[in-house]
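Below is one structure, written out as structure tokens; comments come after it.
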Amino acid sequence: MSKTEVEKVDVPEVEMMDELDSSQWYKGKGEVEAIDPDEAQRQIVANILAGKSVEEIMAPVKTTVADDVIGETLYIRGYRRMPSTKADSSLKFYLLIDCVQSDGTAVNVSCGSVNVMARLFALNANGFLPIYGALIRAGKATASGYFPLDIEARTAEDAAREAEHKNKDF
């Protein structure tokens, strides 16, 4: 091969979607999205390899449900869409939100709240991620008895106060 020739590389097709078009969030009748079981592992390895300090490289990989971090200030770095496997969900996916807790612990938060997803998609589309925020539960239930989740804006100072308070608890 000469210096001017470029070797062709096969690139796998990736489902593209306009995250700001909410009509693309929902499953069609009988539609089942294929699940790539290796994607989460690839992301974990990529995060480890991207670490620049001993703490970042050695940070435990933790996944928690959104309910376990309600009201806690999180540094939200990004997210990735994961295929929904819930039979009763009309959504094609949920989010695995890449966060750092106020004590510095990296955590992936799983969340399928439409409000949370809409806000994160809009923040990302407008270049506002990473950002400090907290997942909150609505004070009033829906007609079906569900308390929807949302995101509330927070600051680095909120995270520092929470970390200080947690340290005093010990």
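Observations, loosely collected:
- Placing +1 on each Lys and Arg Cβ and -1 on each Asp and Glu Cβ, with no other charges, gives segment 60-156 a dipole about its Cα centre of roughly 280 debye.
- For segment 63-168, the equivalent ellipsoid derived from the Cα gyration tensor has semi-axes of 23, 16, 13 Å, listed largest first.
- Once the Cβ-Cβ distance of Ile70 and Ala153 is raised to the sixth power relative to R0 = 22 Å, the FRET efficiency obtained is 0.90.
- Segment 89-155: chymotrypsin sites (Phe, Trp or Tyr not before Pro) in DSSP coil with no more than 16 other Cβ atoms inside 10 Å: Phe128, Tyr146
- Counting neighbouring beta carbons within 10 Å and listing from fewest to most, the residues Cys111, Cys99 come out as Cys111, Cys99.
All of the numbers you see were taken from the coordinates with simple rules; none came from a lab. If you're wondering where the values come from, they're calculated on a predicted model, not measured in any experiment. Quick reminder, even Gly has a Cβ in these numbers, built from the backbone with ideal geometry, and neighbours come from all protein chains shown.
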